[in-house]
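Chemist: My questions will all concern the structure given below.
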Amino acid sequence: MKKTNQVIISLLLLFSITASSVQAQITSTGIDSLAKKALKEFNVAGIAIAIVKDGAVIYEKGFGVKSIATHSPVDVHTNFQIASNSKAFTTAALSILVDEKKISWTDKVRDYLPEFKMYNDYVTENFIIEDLLCHRSGLGLGAGDLMDFPDGTDFTIKDKLTFAQHFKPVSAFRTKWDYDNQLYMVAGELIARVSGMTWEKFIQTRILDPLQMTNSFSSLDAMKDKTNMATPHSTSTGKIRNIGFFKENINGAAGGIVSNVDDMSKWMITQLNKGKYGQNLSQQLFSAARQKEMWTMHTVMNANSNPRYNQHFAGYGLGWGIADSKGNLVVSHTGGLPGMLTSVTLVPDLNLGIVILTNTEDGGGALFSALRQTILDSYWGLDDFHYVEKYSKLFKDRENARDSVTTKVWQTVEQNKKIKINASDYTGIYEDPWFGKIEVSLKGDQLWFRAFRSPKLNGPMSFYKANTFAIKWEYQDMPADAFAMFSLDENGKAQSIKMKGISPDIDFSFDFQDLNLQRSNN
């Protein structure tokens, strides 16, 4: 989930200026100062940063607080949900199984998961393990993520294995990159069936334990002592506030790992050492051949045209984004869950790794982007581009544009309160083939939306225009309010509902646009 990569690309295109003077490599004191400045500028509760170089940790520190309620400080062992940076652990787990000759990347998914179904028979029968990992399925951005967002749904692994049969592809199979979470959970189930242990147990026993990531966990529930856990925060209502932890309901293959910068340093060093770890690098987590496959572009993306970085290509490997910058290979990923935004960046040519973990939505993404790019620029000998200030402007402009749209919607709702509608024309049970049933009912004089399988998706429906209503969810950890657009029969009775997010900046995991709710007679 999250639009962080799009924001980074937009900024780099916007500020296409070449270096005018060379700055010295940033010092620890310089990072300290930059982090403190960014913490305040982006209204973020806490962050942790670590840098590894040439096989050693050369910088690690925490800033700010784990929670604005306790004011307990962040340190290098403070745990965060690393969100989609978990995907690289999933591909590492599959790489281990490939090394052990238990699977091959080109094996068909249905050989291991016979229930698996895509949107047509050809794709279903020819979908290989590699296809689960590189976002080229033909499905749209975030397709099916409403099964997980908000959390607390009752969808099962059976739903994950079969949901795509109800979707129409937005591109031809294996031709276009559209980020996907659901197929990573399918990959997690494949790991479980091949290995005979859950994804969580495999990650813990085959990766975290061997690397001595002793304070990292394959799920939030596995972390029994949460005294040094960062609390997620949100600024979606204007003021920073604590929100609840996001909990996976199937497996954590797309975003379930909990870790800290000290442990993530061990992960980065292992990656930079091509899978080698331990004393004198005598042990091998996965082979160099497997790492080459994970770091090979499998799906092409648009390259950044900013001459500052001389980038020629960009794409997605297996659990990693791949690009070139200033003649260097850059391997990276971002992650986002409600209140947790994270970044991991590796520059193998420099034997350099940077991890930044934050605990605030929405400013955390802009913060880690500004810090990451400033640190990288110093290693590439570029001028100080003042990324904190530039990202701050972009971030605030985006917020203002988003708020302008949503404010106008709710102003229209308020203005149209006096318009009388026949609420009973809209009430009833509606059903979508993959999301299940929802109910539109009356609570007093108020129309109300309730999703049967996603309890947090409930809230009042207010008349907007024509046959469209605006839903204000009781769930407000992320800005996800939505339009419900009814189609009526010749008697004015609602027969179906289409939906879309109200905010132009809604997270793509709220894929309301993929719903096709039809009135149910059952």
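Chemist: What FRET efficiency, computed as 1/(1 + (r/R0)^6) with R0 = 35 Å and r the Cβ-Cβ distance, is obtained for N249 and E389, rounded to the nearest 0.05? Write down the numbers at each step before the final one.
Modeler: Details: r = 40 Å, r/R0 = 1.15.
Between N249 and E389 the formula returns 0.30.
Chemist: Angle check, please: helix 87-99 long axis (alpha carbons) against the longest principal axis of the chain (alpha carbons), in degrees 0 to 90, nearest 10.
Modeler: Once rounded, the angle reads 60 degrees.
Chemist: When the Kirkwood hydrodynamic radius is evaluated over all pairs of different C-alpha atoms of the range 423-519, what value in angstrom, to one decimal, is obtained?
Modeler: 13.4 Å
Chemist: Extent of the range 481-522 along each principal axis, from alpha carbon coordinates, in Å, largest to smallest?
Modeler: Principal extents (largest minus smallest coordinate, Cα): 36, 20, 12 Å.
Chemist: Turning to a different aspect of this structure: For the range 151-167, just list the computed ³J(HN,Hα) in residue order, Karplus coefficients 6.51, -1.76 and 1.60, θ = phi - 60°, integers in Hz, with x standing in for Gly and Pro.
Modeler: 6, x, 7, 10, 5, 10, 5, 4, 4, 5, 6, 10, 4, 5, 5, 8, 9
Chemist: A follow-up question, please. Name the residues whose placed amide hydrogens come within less than 5 Å of the amide hydrogen of M301, ignoring near sequence neighbours (fewer than 5 apart) on the same chain.
Modeler: A314, G315, Y316
Chemist: Between A482 and residues 5 or more places away or on another chain, which pairs have amide H atoms under 5 Å apart, with H built 1.01 Å from N, and which residues are they?
Modeler: I471, W473, I502
Chemist: Just to confirm the number: angle between the C-alpha axis of helix 28-41 and the first principal axis of the chain, 0 to 90 degrees, nearest 10?
Modeler: In the chain, helix 28-41 runs at an angle near 10 degrees to the longest axis.
Chemist: Give me the net charge for the shell around P460: Cβ to Cβ below 14 angstrom, other residues only, Lys and Arg +1, Asp and Glu -1.
Modeler: Spelling it out: positives minus negatives among the neighbours equals -1.
Chemist: Distance from the Cα centre of the range 486-522 to that of the range 46-110, in angstrom?
Modeler: Each part's Cα centre sits 37 Å from the other's.
Chemist: Under 8 Å for C-alpha pairs, at least 6 residues apart: give me the relative contact order for the chain, rounded to a whole percent. Could you put the intermediate results ahead of the total?
Modeler: Numbers: 1148 pairs, mean separation 99.5, N = 522.
That works out to 19 percent.
Chemist: Another question, if that's okay. Which whole-Hz couplings ³J(HN,Hα) result when phi for each residue of the range 291-306 is put into the Karplus expression 6.51 cos²θ - 1.76 cosθ + 1.60, θ = phi - 60°, listed in order with x for Gly and Pro?
Modeler: Values, residue by residue: 5, 4, 5, 5, 9, 9, 5, 10, 10, 7, 10, 6, 7, 6, 8, 5 Hz.
Chemist: So, with +1 on the Cβ of K and R and -1 on the Cβ of D and E, and no other charges, what is the size of the charge dipole of the chain about its Cα centre, to the nearest 20 debye?
Modeler: For the chain, the charge dipole is close to 480 debye.
Chemist: Something else: Taking the 0 to 90 degree range and rounding to the nearest ten, how far is the long axis of helix 363-379 tilted relative to the main principal axis of the chain, both from C-alpha atoms?
Modeler: So the inclination is approximately 20 degrees.
Chemist: Next question, about the same structure. At a Förster distance of 45 Å, what's the computed FRET efficiency of V413 paired with K158, Cβ-Cβ distance as r, to 0.05?
Modeler: Working from the Cβ atoms, E equals 0.70.
Chemist: Could you work out how much longer the chain between E490 and N400 gets when fully extended? Use 0.36 nm per residue separation minus the Cα distance between them, nm to one decimal. Walk me through the intermediate numbers first.
Modeler: Numbers: separation 90, 0.36 × 90 = 32.40 nm, distance 4.12 nm.
Once the chain is fully extended between E490 and N400, it gains 28.3 nm.
Chemist: Ignoring everything except DSSP H segments at least 4 long, calculate the 222 nm mean residue ellipticity for the chain; use -39,500 (n - 2.57) per segment, divide by total residues, nearest 500.
Modeler: -8000 deg cm²/dmol, from helical runs alone.
Chemist: Right, next: Using θ = phi - 60° and the Karplus relation 6.51 cos²θ - 1.76 cosθ + 1.60, list the HN-Hα couplings for the range 435-442 in order, rounded to whole Hz, with x at every Gly or Pro.
Modeler: The phi angles translate into 8, x, 8, 10, 10, 9, 9, 10 Hz.
All of the numbers you see were taken from the coordinates with simple rules; none came from a lab. In this text, all values refer to a predicted model and were calculated from it rather than measured experimentally. With ideal geometry, Cβ positions are generated from the backbone for all residues, glycine too; neighbour counts draw on all protein chains shown.
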